[in-house]
1. Looking at this structure, is TRP106 in a loop (DSSP other than H, G, I, E, B), of a type in the set (Phe, Trp, Tyr) and surrounded by 14 or more Cβ atoms within 10 Å (Cβ to Cβ)?
2. What number goes with the only condition from (1) out of contact with any Lys or Arg (no Cβ under 8 Å at 6 or more places or on another chain); (2) in contact (Cβ under 8 Å) with a residue 40 or more places away in the chain; (3) in a strand (DSSP E or B) that TRP55 does not pass?
3. Among the residues of region 109-119, write down those that are crowded, with 16+ Cβ neighbours inside 10 Å and farther than 18 Å from CYS22 by Cα.
4. Applying the selection to region 1-59, what residues are in contact with a helix residue (DSSP H, G or I) (Cβ under 7 Å, 6 or more places away or on another chain), modelled with pLDDT under 95 and open to solvent by 20 Å² or more (accessible area, probe 1.4 Å)?
5. Only one of (1) surrounded by 14 or more Cβ atoms within 10 Å (Cβ to Cβ); (2) part of a strand (DSSP E or B); (3) at pLDDT 95 or above is not met by ARG100, so which one is it?
6. Across region 13-28, which residue is farthest from ASN78 (Cα to Cα) among those that are assigned to a strand (DSSP E or B) and out of contact with any Ser or Thr (no Cβ under 8 Å at 6 or more places or on another chain)?
7. Mind listing whichever residues of region 67-95 are part of a strand (DSSP E or B) and either of a type in the set (Val, Ile, Thr) or open to solvent by 40 Å² or more (accessible area, probe 1.4 Å) (or both)?
Amino acid sequence: QVQLVESGGGLVQAGGSLRLSCVASASGRTFSFYAAGWFRQAPGKEREFVSAINWSGATYYGDSVKGRFTISRDNAKNTVYLQMNSLKPEDTAVYYCAARPSISSWRSNDYDYWGQGTQVTVSS
């Protein structure tokens, strides 16, 4: 069982930066063996893949955030980060952290555990 808690969302002007954090509490298997992903959902839109990181540290990004967002993890702190730079109004959404064993995926249905989400609002 894994519990995820996101933080770091807020209101920022276009061109600004935010860093989201996702702290995991894992019973049994240590969190370092899990892959983690970030997804986002804007009002009236489907949940969208943002980024993911494998247990090995391999990273993946959605096309809309490549070159602007960076995912990383600190296994000692059971934390996954999403550094978001050059933010655009279209990045406005609720951002969710998710986890699944070992290998990451761009499909939200592949993830077993989800956080409650954190709101990111980018003003123009």
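The values are calculated or read from the model by the stated rules, or taken from the named source; none is laboratory data. Note that the coordinates shown come from a computational prediction; the quantities given were computed from them, not determined experimentally. Using ideal geometry, Cβ is built from the backbone for each residue, glycine included, and neighbour counts are taken over all protein chains shown. To get the accessible areas, we keep the full protein, side chains included, count just its heavy atoms, and leave off ligands, DNA and RNA. Shrake-Rupley method; radii C 1.70, N 1.55, O 1.52, S 1.80 Å.
1. Working: in a loop (DSSP other than H, G, I, E, B): yes; of a type in the set (Phe, Trp, Tyr): yes; surrounded by 14 or more Cβ atoms within 10 Å (Cβ to Cβ): yes.
So TRP106 fits the description; yes.
2. (3) is the only condition that TRP55 fails.
3. None; the set is empty.
4. SER32, TRP55
5. Every condition holds for ARG100 apart from (3).
6. Here is the first cut: in region 13-28, the residues assigned to a strand (DSSP E or B) are 13, 18-26.
Then keep just the ones that are out of contact with any Ser or Thr (no Cβ under 8 Å at 6 or more places or on another chain); that gives 18-19, 25-26.
Details: LEU18: 20, ARG19: 16, SER25: 7, ALA26: 9 Å.
By that ranking, first place goes to LEU18.
7. Initial filter on region 67-95 (part of a strand (DSSP E or B)): 69-74, 79-84, 93-95.
Within region 67-95, THR70, ILE71, SER72, ARG73, ASP74, THR79, VAL80, GLN83, VAL94 meet the criteria.
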